Amino acid sequence: MRSLLIAEGVPPEVVVVEESAQSTRDSALNVRRLLSGEAGSKVLMTSDYHMFRAVRTFRKAGLEVSPRPIPDALKRYGTYPRVWPAFRG
């Protein structure tokens, strides 16, 4: 996700990555701590198949997030050789 954001023009110095979570719940709690006191809207980016559960987990942890699902090409097409055309399309 970090690479995607930077490729889309987000300055690298403003991208914060949470890397220690072992579960979606851990991630939500860690992100809540990272963002405590930060004003503004929060966007949750995760794969489309994971969004349903993730957005509820983050909201239960006290973070009001706007969901932005990212298509999971590997899940959709099954194997790595078939994924690349999905991204190009």
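The values are calculated or read from the model by the stated rules, or taken from the named source; none is laboratory data. None of these values were measured; they are calculated from a predicted model. The protein model used for the area step is the full one, side chains on, heavy atoms only, and it has no ligands, DNA or RNA in it. Shrake-Rupley method; radii C 1.70, N 1.55, O 1.52, S 1.80 Å.
Per residue, the convex hull around the alpha carbon atoms of segment 1-75 comes to 105 Å³.
For residue 72, the amide hydrogen comes within under 5 Å of the amide hydrogens of 48, 49, counting only partners 5 or more places away or on other chains and with H modelled in the peptide plane. Residues 52, 58 ordered from highest to lowest accessible area at a 1.4 Å probe: 52, 58. Could you give the length gained on full extension between residue 35 and residue 5, defined as 0.36 nm per residue of separation minus the Cα-Cα distance, in nm? Difference between extended and current length: 9.0 nm.
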